[in-house]
Amino acid sequence: MTSTKLTVSHAPFWHDGDSLFQMNLNIILALLPATIFGIIQFGAPALGVVALSISTAMFWEFAMNLISKKALTIGDLDSAVIGMIFGIMLPATSPWWFVVVGTFVAVVIGKMIFGGIGANPFNPALIGMAVLMLSWKVMFDFDAAYVNYDFGFTALAPLAALKFKGAAAIAGLFPWENLIMGKQVGAIGSTFGLGIILGGIYLILRGYIRWEICASFIIGILLTAFCFHQANPATYGGPLLHLFSGYTLLGAFFLSTENSSSPVNKIPMFLYGFFAGVMIILMRNIGAYSDGTVLAILLLNLVNPLLDAIRPKVLGKGANNA
Amino acid sequence: MIKRSFFSLSQPRLAYDLLEPDLKEPESIPVPAILSVLLPEPIDNTKQALIKKGDAVKKGEKLKLYDDSTAYTTSPVAGTIKLFDSYSDDFGNIATFITIKADPTQVSEANTINLPPMDDIKLADQFLRKLPGAPPFEILANDEIKITTIVITGTDTDLLSTTNQFVSLKYMDEVKEGAKILKKLTQVPKFCITIPENLDTKVSFDTIEVLKISNTYPSTLPAMIMKDHLNTVMSAGQTPEDSGICFIRAEALVSLARTYKTKKAVFDKVLTIISKNGTRHRIRATIGTPLSKIFARFNININEQDRIIIGGPMRGVATYTPHHPVLADMDTVIIQDRDIIPQLSDYPCVNCGKCIRICPANIPVNMLVRYLEVDQYENAADKFDLESCIDCGLCAYVCTARIPLHQYIRLGKHELLTLRADA
Ligand code: SF4
Ligand code: SF4
């Protein structure tokens, strides 16, 4: 009898063709509209920051792979996504060391020491962001960052203006149709709301992010901001101002949806998204930070394991057991 | 291979294949010179075997290893025993295979069997267990199991396969005849047959209740049929028999009807061979025929690293040899080219949630796999519902990290049973 060496493995023998590389590539694609807009708006320095951020993030993972003598994993583009998200959350004028330190914290502390992809309890990019914010708060003063720029619109970061002047003083300065078209001062990739929304919708349709989180996140933002605004319109900004400024939209579509730090079951996803939205507005309106997105999402990451324990009834268990 | 659609906000829908409209007779494969049959009992060298190399066997003769064996098989041809040896399946379960050299000079007239009277299921189990279609007589003859419903499967449990549909429509009268005999044998009050809901041919099965099954995978799996049509939820870790339901292939009934009609054991198994380019060959082969003989008939070349799948793409078993024999419960054989075999990875779960969305049993696969990876089988069963899994394979089909999820799950179940047996 001839012996042909066959491939022997277990069912299923088909796969839908998806992979981590595909998923991450699509996330990068979805980030492009907002990123390219930011690069056009803020010029070459913005391009420099984003490029440096992506490349150093990948470098840190590569270095960690070498040190821990593990297989090289940068090909899955996971660190590229972390670097890209991290980069577009920075002001275009960030110095190089700031970027490098940030991606180090994000990739090495936020992801690799927890065991690499899939094992991170927090969104790695947000870990990097939080550490930078706590250590160098002044770097995130977007108004100071762009003093040398000449934009053809209100050159004030909306949330900072809101925080320090109150809603009444800035009434009319930030019409939402300006905000959504990127006529605002902010991080490289956070200003072009329309681009972020389109990217987000693309990812939802492709099934790469979970719509339940995005939808409930936005509802959480709108509802809470609306309540505050109704209670005291002179102090608190309206829901649309909150939705279209700061990191809100990035948070809704790209930050809160990070796979391993967010829930996968239906009800937990709604709760998680909703409370992330609520927390952000609470931090903005009551807390010390003008934009609470980073800390609010990290906080929800923290309770995610508790939330995600709520899950549907399994087949063959429960009341009607035979 | 069905790939994920570009937009996949909703779950992918994997549809079963439907039977072709004109049902041609299957092509007969001549009886080969050498056949092998499997006997589900390991060889025990301390005992004196009843069979030995060189023994002459008659067609239809019952073969068992030892005096006290309950497992047996039947010889599909007249000839001599050439060899018998151990065979181990993919989980290390040991069986025995017996190779028989056919003797074409002995005409099949010798094929006589003691036909059990039509009211004795125990005797039927003694002689007819190995009929093509593998009737579950062992279950039906067991006094401790009370079966109240018999479900005849006229639907195929896996994608691509259409063999059950073919048999139940092409040989409808014999299915009905076989059902009558089975009713006499078992006295089970309720008989149903499953038929794909979008098959638009007229079917009439007299007193047998027709269950129209949706064409979306995995609705033809026993657990899903029970849940959707029989209003019975199978409890975790249980079998359909525990709920009084027994599934039987339509082909088993056809074989039963033919056996009682001709008073001879039958060994012709209908199967569908799906070649690399997707061409279907419907054939009729004697149980024990090596698959390689069938491939040769259709000029199907098997190359290094190709995969031969017995069953379907979601639930089948890959064999390591092209000489694997045709078995009584083998419906479909698929040859997968090595170039389209999907690559798996050793990545951990990234928590993308696709498995959760698709799992028909609502199992937290993402959590489950973390426990299975570190061999925590008891925890996996207690906290993460390992035993509720209905083995559809969908989680592994969609996994973004390409983890062999279903392999972990099957191994987990297997280990759990071993643990419990040892406890
Ligand atoms: S094989 Fe996977 S998808 Fe299917 S029931 Fe089991 S856990 Fe769920
Ligand atoms: S599909 Fe795979 S990677 Fe995604 S959550 Fe399930 S097990 Fe994890």
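Quick notes
- Residue list for the stretch A:13-25, restricted to those being open to solvent by 20 Å² or more (accessible area, probe 1.4 Å) and within 7 Å of chain B (Cβ to nearest Cβ): A:TRP14, A:GLY17, A:SER19
- Hits in the stretch A:68-94 (condition: more than 14 Å from chain B (Cβ to nearest Cβ) and open to solvent by 40 Å² or more (accessible area, probe 1.4 Å)): A:SER68, A:LYS69, A:THR93
- For A:SER55, the criteria (1) among the polar types (S, T, N, Q); (2) under 21 Å from A:SER260 (Cβ atoms); (3) in contact with a Gly (Cβ under 9 Å, 6 or more places away or on another chain) hold in every case but one, which is (2).
- Test: B:VAL31 is of a type in the set (A, V, I, L, M), assigned to a loop (DSSP other than H, G, I, E, B), at pLDDT 85 or above and open to solvent by less than 70 Å² (accessible area, probe 1.4 Å): no
- Residue check, B:PRO21 more than 14 Å from chain A (Cβ to nearest Cβ) and within 22 Å of the chain's Cα centre (by Cα): no
- Scan the stretch B:372-398 for residues that are out of contact with any Gly (no Cβ under 8 Å at 6 or more places or on another chain) and more than 13 Å from ligand 1 (Cβ to nearest atom) and the total you get is 8.
- Screening the stretch A:174-187 for residues that are touching a residue at least 40 places away in the same chain (Cβ under 8 Å) and within 22 Å of A:SER94 (Cα to Cα) and picking the one that is surrounded by the fewest Cβ atoms within 10 Å (Cβ to Cβ) gives A:GLY182.
- Every residue from the stretch B:347-363 that is out of contact with any Lys or Arg (no Cβ under 8 Å at 6 or more places or on another chain), facing chain A (nearest Cβ under 8 Å), free of Cβ contacts under 8 Å to residues at least 40 places away in the same chain and within 13 Å of ligand 1 (Cβ to nearest atom): B:ILE356, B:ILE363
- Of all residues in the stretch A:197-212, those that are under 16 Å from A:TYR247 (Cα atoms) and within 10 Å of another protein chain (Cβ to nearest Cβ) total 0.
- Of all residues in the stretch A:129-155, those satisfying the criterion of being part of a helix (DSSP H, G or I) and either open to solvent by 70 Å² or more (accessible area, probe 1.4 Å) or free of Cβ contacts under 8 Å to residues at least 12 places away in the same chain (or both) are A:LEU134, A:SER135, A:LYS137, A:VAL138, A:ALA144.
- Residues in the stretch B:202-234 that are of a type in the set (Val, Ile, Thr) and open to solvent by 70 Å² or more (accessible area, probe 1.4 Å): B:THR207 only.
- Residue ranges of helices (runs of 4 or more DSSP H) in the stretch A:188-268 with at least 3 members open to solvent by less than 10 Å² (accessible area, probe 1.4 Å): A:193-206, A:211-231
- Evaluation of A:SER290 against the conditions (1) in a helix (DSSP H, G or I); (2) open to solvent by 10 Å² or more (accessible area, probe 1.4 Å) shows that the sole unmet condition is (1).
- All of (1) within 8 Å of chain A (Cβ to nearest Cβ); (2) under 28 Å from the mean Cα position of the chain (by Cα); (3) buried (at least 24 other Cβ atoms within 10 Å of the Cβ) hold for B:ASN366 with one exception: (2).
- Hey, B:THR207 in a loop (DSSP other than H, G, I, E, B) and at pLDDT below 90 or not: yes
- On the stretch given as the stretch B:135-150, residues that are in a loop (DSSP other than H, G, I, E, B), in contact with a helix residue (DSSP H, G or I) (Cβ under 6 Å, 6 or more places away or on another chain) and not β-branched (Val, Ile, Thr) total 2.
- Taking the stretch B:296-309 as the range and being facing chain A (nearest Cβ under 10 Å) and among the β-branched types (Val, Ile, Thr) as the test, the residues that pass are B:ILE302, B:ILE308, B:ILE309.
- Scanning the stretch B:245-278 for residues that are within 14 Å of chain A (Cβ to nearest Cβ) and in contact with a strand residue (DSSP E or B) (Cβ under 6 Å, 6 or more places away or on another chain) yields a count of 3.
Conditions tested, residue by residue: (1) within 30 Å of B:LYS276 (Cα to Cα); (2) within 16 Å of ligand 1 (Cβ to nearest atom); (3) modelled with pLDDT under 90.
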{"site": "B:ARG315", "(1), (2), (3)": "yes, yes, no"}
{"site": "B:ASP329", "(1), (2), (3)": "yes, no, no"}
{"site": "B:THR332", "(1), (2), (3)": "yes, no, no"}
{"site": "B:SER345", "(1), (2), (3)": "yes, no, yes"}
{"site": "B:VAL365", "(1), (2), (3)": "no, yes, no"}
{"site": "B:THR400", "(1), (2), (3)": "yes, yes, no"}
{"site": "B:ILE403", "(1), (2), (3)": "yes, yes, no"}
{"site": "B:ILE409", "(1), (2), (3)": "yes, yes, no"}
{"site": "B:LYS413", "(1), (2), (3)": "no, yes, no"}
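- Residues in the stretch B:205-223 that are more than 20 Å from the chain's Cα centre (by Cα) and in contact (Cβ under 8 Å) with a residue 24 or more places away in the chain: B:PHE205, B:ASP206, B:ILE208, B:LEU211.
- Candidate set: the stretch B:104-128, residues that are surrounded by 17 or more Cβ atoms within 10 Å (Cβ to Cβ) and assigned to a loop (DSSP other than H, G, I, E, B); chosen: the one modelled with the highest pLDDT: B:PRO116
- Filter result for B:LEU419 (within 15 Å of ligand 1 (Cβ to nearest atom) and not basic (Lys, Arg)): no
- Output for the stretch B:235-250, where each listed residue is farther than 17 Å from B:ILE145 by Cα and open to solvent by less than 10 Å² (accessible area, probe 1.4 Å): B:ALA250
- Whether a residue is in contact with a Phe, Trp or Tyr (Cβ under 8 Å, 6 or more places away or on another chain) and surrounded by fewer than 18 Cβ atoms within 10 Å (Cβ to Cβ) was assessed, and A:LEU29 passes this test.
The values are calculated or read from the model by the stated rules, or taken from the named source; none is laboratory data. Not measured: the values here are computed from a predicted model. Using ideal geometry, Cβ is built from the backbone for each residue, glycine included, and neighbour counts are taken over all protein chains shown. The protein model used for the area step is the full one, side chains on, heavy atoms only, and it has no ligands, DNA or RNA in it. Shrake-Rupley method; radii C 1.70, N 1.55, O 1.52, S 1.80 Å.
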